[in-house]
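Only one structure is covered here, and it is reproduced in the block below.
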Amino acid sequence: MQRYTVAVLVKNQFGVLNRVTSMFRRRQFNISALTVSETESPDFSRITVLFDGEHSNKEQLIDQLYKLPDVCSIKELNSDESINRELLLIKMQNSPETRSEIRDAADAFDAKTVDYNRDAIVIQLTGDSRRIDDFINLMRDYTILEICRTGIVSLERGETTLRSELNI
């Protein structure tokens with residue numbers, strides 16, 4: 001099984017996200033991360049999906065996605081030819097015994113403290129999924145109160161855009 005990142009440009013309309021994600025469900029792909037946002041044009045939304053599956057099933061999925069009327073363009077993004085980022089907010093218990101170790105780890109990862117009080121520290125980290133996972137695993141030695149992370153955002157390197165391959 002392999003991990004894939006696919007960007008899907010869709011018309012910015014009610015119900016489109018449900019139709020796209022239902023296609024993943026019907027094809028029995030597990031979505032690991034999902035990010036949706038309006039694009040540079042309010043007429044379009046960009047759905048970035050990180051999922052695991054077999055190559056042949058992925059090709060069938062992309063073919064089926066193209067048949068949806070609101071899908072304008074699809075691009076598989078690989079890590080060598082794209083820039084991928086995630087955002088992590090992690091709330092840690094702030095105790096005198098572990099405070100300096102947590103802050104040292106955050107500094108080592110170039111993370112930023114975005115909230116600090118007597119009982120908790122909220123740390124923000126951006127990076128690729130592996131970097132985020134590594135930081136979370138390091139923080140598991142301490143008391144994690146809450147984790148919130150975005151899905152992956154990804155843009156292809158160079159001047160090529162998802163809109164340059166419109167299927168409408």
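The values are calculated or read from the model by the stated rules, or taken from the named source; none is laboratory data. Just so we're clear, the structure is a prediction, and the values are computed from it rather than from any experiment. Don't worry about glycine lacking a Cβ; one is built from the backbone with ideal geometry, like all the others, and counts go over all protein chains shown.
Do we have Ala7 as under 17 Å from the mean Cα position of the chain (by Cα), crowded, with 19+ Cβ neighbours inside 10 Å, closer than 15 Å to Ile152 by Cα and of a type in the set (Gly, Ala, Ser) here? Full working, then the answer.
Numbers: under 17 Å from the mean Cα position of the chain (by Cα): yes; crowded, with 19+ Cβ neighbours inside 10 Å: yes; closer than 15 Å to Ile152 by Cα: yes; of a type in the set (Gly, Ala, Ser): yes.
The answer is yes for Ala7.
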Subset tally (residues that are touching a residue at least 24 places away in the same chain (Cβ under 8 Å), under 26 Å from the mean Cα position of the chain (by Cα) and either on the phi > 0 side of the Ramachandran plot or surrounded by fewer than 18 Cβ atoms within 10 Å (Cβ to Cβ) (or both)) for segment 92-104: 1
Close pairs from segment 9-27: first over 11 Å from Phe44 (Cα atoms), partner surrounded by 13 or more Cβ atoms within 10 Å (Cβ to Cβ) and of a type in the set (Phe, Trp, Tyr), Cβ under 9 Å, at least 6 apart: Met23/Phe29; Phe24/Phe51
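Restricting the search to segment 79-124, which residues are part of a strand (DSSP E or B) and small (Gly, Ala, Ser)?
Of everything in segment 79-124, those that are part of a strand (DSSP E or B) and small (Gly, Ala, Ser) turn out to be Ser82, Ala120.
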Tabulated pairs, segment 118-129, first buried (at least 18 other Cβ atoms within 10 Å of the Cβ) and at pLDDT 95 or above, second in a strand (DSSP E or B) and of a type in the set (D, E, K, R), C-beta under 6 angstrom, 6+ apart or interchain: Val122/Lys91; Val122/Asp115
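Are any residues in segment 130-159 polar (S, T, N, Q) and surrounded by fewer than 13 Cβ atoms within 10 Å (Cβ to Cβ), and if so, which ones?
Here is the first cut: in segment 130-159, the ones polar (S, T, N, Q) are 137, 143, 150, 154.
Within segment 130-159, just Asn137 meets the criteria.
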Residue in segment 107-116 that is in contact with a Phe, Trp or Tyr (Cβ under 9 Å, 6 or more places away or on another chain), surrounded by 11 or more Cβ atoms within 10 Å (Cβ to Cβ) and more than 25 Å from Ser79 (Cα to Cα) present: no
Residue list for segment 125-135, filter: in contact with a Phe, Trp or Tyr (Cβ under 7 Å, 6 or more places away or on another chain) and in a strand (DSSP E or B): Leu125
Selection count, segment 14-65, where residues are in contact with a helix residue (DSSP H, G or I) (Cβ under 6 Å, 6 or more places away or on another chain) and either of a type in the set (Asp, Glu) or in a helix (DSSP H, G or I) (or both): 3
Answer from Leu68, Leu138 - the residue that is outside any strand (DSSP E or B), touching a Lys or Arg at 6+ places or on another chain (Cβ under 6 Å) and not aromatic (Phe, Trp, Tyr): Leu68
